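No lab work stands behind these numbers, since they all come straight from the coordinates. No experiment lies behind these values; they were computed from the predicted model shown. A quick note on method: Cβ atoms are made from the backbone with ideal geometry, for glycine too, and the neighbour counts reach across all protein chains shown.
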Amino acid sequence: MNPRIVEKIRRRANGFYNLGLDLANRQNLSGARQELVKAVSYDKRHTNARNLLGLVCFQMGEIGEAVRHWTTSIALQPGPDNRAQRYLQDLKRNEKLVQSMNESLRMCNEAMVQLRKESPDYALVRLKKAVAMNRNYIKAYLLMALCYMETKNFRKAKATLDKVEKLDVNNAVVFSYRTAIREMQAEGQEDAGDNEIRDLTRDLYVQKTLATPDVQEIFTGKRNKRRSMRNWSGPVAQMLLFLAGIGCGVAAMFTLYVPDKVDSLNSQVSKLTAELTENMTARGTLESQLAQAQQEAHQAQQEKTELELKLEDANDEWQDKLSQQKENPLAAAMTAYLQEDYAACGKALSEVEEGALEGDNKTLYTALLDKIKEPLYTNAFSAGYNAYREAQNLSGDSRTEKLTLALEQLTLAAEYSDAGTERRTDALYFLARTYYLQENWAEAVTSFDQYFEEYTGSTSTQQYQDAVKFSGRAKERAQG
């Protein structure tokens, strides 16, 4: 493979690794995971990136993914220097932790099955157990938030998302869920309240808690049977008939009341079923939109990466051309600009014969000059002004050196600013004041006249009044 391409791939992998490391240090685990996946996709033998990816997955509660990345790392780079060896050994020594995390994974998978069956209450039972065994299981927390959203318990959904954000700052799924909650509330869907989801595991044992009625033998023989027949007459018979009448009345009441009640309950069930279907449809739409947004983001990232590679190719090509044209001051100026050495860029541009430039070279010269004007002016004006202020408190050779430096830098500042602008007049004002300190009255008068010619501000400012005063003194001493 071309060594230049290999070096580009290595640099690109290192770039994604450094970005992933920075995000991991800032507790942005999902963002770090995305960047580290990109790093190992560019360079599968990038051991540091793959080991860090395993640590991030472990921190997110996904022990299976962590072990997979560490095992791959050891396969690609075996040896005691690979930290993945130590990570796997630590896991082997802590079997209880591994079993707990595996059990939480099983609970989470069962919860996903229940969600597919549209049973968020059953899913919540398993998810609560999953996060109890694995406090960092971000995937389980997100599924729990989704269940609360499904049951319209928005307060608990937000609280669960808050827990995720403490574990994983700037999680994209949290942001999308919060947006969905706001949209659902904006549509008028009310919070279901703080009622706890019924622990459905209790239903499996409710019959075991019921008392078993004692079965008593009613007829024990013929004697008892004859006795019971004789008891139909007298007070006992009247009492039984009275109770039978009450039973008939109750039966008649239920015959008239229960059908209406059943119809009402059936109507409520139909209404709730329709609302649930609508909510499931809305959830499916949101999930579809989220998947589409993630796909678009991934596609945009791929396009960005391709553009960056093309830019690197163009940069390399440009650097090759510049290396072949070192004698060209315009090429030297471009090199200095790419290295952010604006002073060297300005110096190289000053050596360019602008009148001899044509076409692209003329365009490049103009573009470079426009881009470096501001930083060059800022640097030159700052250096010139500081030298001017320091010279006021010096004498002898030190004063002369500072004044010379101030004149040089303030002259450059005037050159790198557009005529008639405030920057230009500031540079001219202090240039004139520097000539005044140097007692070069003729140059001071010339600079003050140029200042008055280009000044467009208010004549009542202190700077303008001082310019009038010192200009008058310079003219008197120039004539004297």
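Values computed for the structure shown
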{"read-out": "Length released on extending from ILE9 to ASN94, taking residue separation times 0.36 nm less the Cα-Cα span", "value": "26.8 nm"}
{"read-out": "Region 388-480, relative contact order [Cα under 8 Å, separation at least 6], %", "value": "23"}
{"read-out": "Dipole of region 114-186, positive end: most advanced residue of ALA123, LEU146, ALA186 [Cβ charges, Cα centre]", "value": "ALA123"}
{"read-out": "Relative intensity, log₁₀ I(q)/I(0), of region 40-139 from a Debye sum that treats every alpha carbon as a point, q = 0.10, 0.16, 0.20 Å⁻¹", "value": "-0.34, -0.71, -0.92"}
{"read-out": "Per-residue HN-Hα couplings for region 141-157 [Karplus 6.51, -1.76, 1.60; θ = phi - 60°; Hz; x = Gly/Pro]", "value": "4, 5, 5, 5, 4, 5, 5, 5, 5, 5, 8, 6, 8, 5, 5, 6, 4"}
{"read-out": "VAL169 long-range amide H proximity, modeled H, under 5 Å", "value": "ASN28, LEU29"}
{"read-out": "For ALA380, net neighbour charge (Lys/Arg +1, Asp/Glu -1) across residues whose Cβ lies under 10 Å away", "value": "-2"}
{"read-out": "Relative intensity, log₁₀ I(q)/I(0), of region 407-454 from a Debye sum that treats every alpha carbon as a point, q = 0.13, 0.18, 0.29 Å⁻¹", "value": "-0.23, -0.44, -1.05"}
{"read-out": "J(HN,Hα) series, region 423-440, from Karplus relation 6.51 cos²θ - 1.76 cosθ + 1.60, nearest Hz, glycine and proline x", "value": "4, 5, 5, 4, 4, 5, 4, 6, 5, 5, 5, 5, 4, 5, 5, 6, 6, 9"}
{"read-out": "Summed residue charge, Cβ within 14 Å of LYS469's Cβ, Lys/Arg positive, Asp/Glu negative", "value": "+2"}
{"read-out": "Rounded, prolate or oblate (a/c below 1.5 giving rounded, otherwise prolate when a/b exceeds b/c) for region 21-64 by Cα gyration tensor", "value": "oblate"}
{"read-out": "Whole-angstrom Cα spans of region 300-451 along principal axes, big to small", "value": "61, 35, 30"}
{"read-out": "Spherically averaged projected area of region 337-408 from its Cα convex hull (nm²)", "value": "5.7"}
{"read-out": "Cα centroid separation - region 326-378 against region 27-66, whole Å", "value": "44"}
{"read-out": "Difference of contour (0.36 nm per residue) and Cα-Cα distance, GLU454 to GLN185", "value": "90.7 nm"}
{"read-out": "Two-site FRET efficiency, ASP418 against LEU357, from Cβ-Cβ distance with R₀ of 22 Å, rounded to 0.05", "value": "0.60"}
